[in-house]
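Report on one structure; see the data block that follows.
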Amino acid sequence: MRARRPLLRPLRAWRSPALLAALGVLAFGVPVSSALAQQKPPPTTFGQVVGNAVLCIDQIDNKAFYHYLLTAFGPAYKHEGGAYWFRTDTSLWGAPITDVIVSDDTSALVFMGVVADASPEKLAPAIRSASGMRFNPLDHSAFPVRASVPGSKIVYFRSKAKVYCAKYKPLPPAHTR
């Protein structure tokens, strides 16, 4: 038994976190923890591209927006409710944006939206001062939906606000139906 104990100690050294991290650097060429922690900065066109789509100022092509967001932020972190969800670290209209959503092809609607880390009461005036677009409450409930003339809406999303634009998909050309 005494002859085997010294042999086990070198094997335990292979289990140390520092050694495993060093092996990760050798195997992949970059530190694994830093590669996962790095996030690309948002593109400089984010405000114009996503902001105008969410306010229903521009056309919504969900495939083009999906590829734009995939290039800008990497793969979607979830796919639920007929939408791809992308995590962001940017701002629009002076409010931090935590998520951007874009529709998939399972719905009769194409939509684009953002989740802002602000209440709808604070976000509506911020959008108005930045873009001039007014959002009016549609009813007198405790949590009213706010809508703009072009058709975008601000709704409650837990303690945050979700701003989105949703439109029906255009029909395909007659010769392909």
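Around the amide H of T88, modelled in the peptide plane, lie the amide H atoms of D99, V100, all under 5 Å away and 5 or more residues distant in sequence or on another chain.
Could you state the number of Å between the C-alpha centres of the range 129-177 and the range 37-91? Using only Cα atoms, the two centres lie 17 Å from each other.
At the residue level, K167 shows approximately 70 square angstrom of accessible surface with a 1.4 angstrom probe and all protein chains present. A simple spin-label model places the labels of Y77 and S91 2.0 nm from each other, with each point 7 Å out along Cα-to-Cβ. Taking a point 7 Å out from the Cα of I57 in the direction of its Cβ, the residues of the range 82-111 whose backbone N falls within less than 13 Å of it are 92-94.
Of the solvent-accessible surface of the range 54-177, computed with a 1.4 Å probe and all protein chains present, 55% belongs to carbon and sulfur. Remark: the range 123-171 carries 63 Å² of accessible area per residue (probe radius 1.4 Å; ligands, DNA and RNA excluded). Work through the residues other than L109 whose Cβ is under 12 Å from its Cβ and net out their charges, Lys, Arg +1 and Asp, Glu -1. It works out to a net charge of 0.
Note the per residue figure in Å³ for the convex hull of the C-alpha positions in the range 100-177.
So the per-residue hull volume is 126 Å³.
Heavy-atom accessible area with a 1.4 Å probe sorts T45, T90, largest first, into T45, T90.
Would the range 55-161 count as rounded, prolate or oblate if I go by the C-alpha gyration tensor, calling it rounded below 1.5 in a/c and otherwise prolate when a/b exceeds b/c, oblate otherwise? It comes out prolate by the Cα gyration axes. For the range 111-128, backbone phi angles converted through the Karplus equation (6.51, -1.76, 1.60; θ = phi - 60°) give residue-by-residue couplings of 8, 9, x, 9, 10, 9, 7, 7, 6, x, 5, 8, 6, 4, x, 5, 5, 5 Hz, Gly and Pro being listed as x.
The values are calculated or read from the model by the stated rules, or taken from the named source; none is laboratory data. In this text the structure is predicted, and so the values were computed from the model without any measurement. Counting neighbours? That spans all protein chains shown, and the Cβs are built from the backbone with ideal geometry, glycine included. Surface areas here come from the heavy atoms of the whole protein model, side chains and all, with no ligands, DNA or RNA. Shrake-Rupley method; radii C 1.70, N 1.55, O 1.52, S 1.80 Å.
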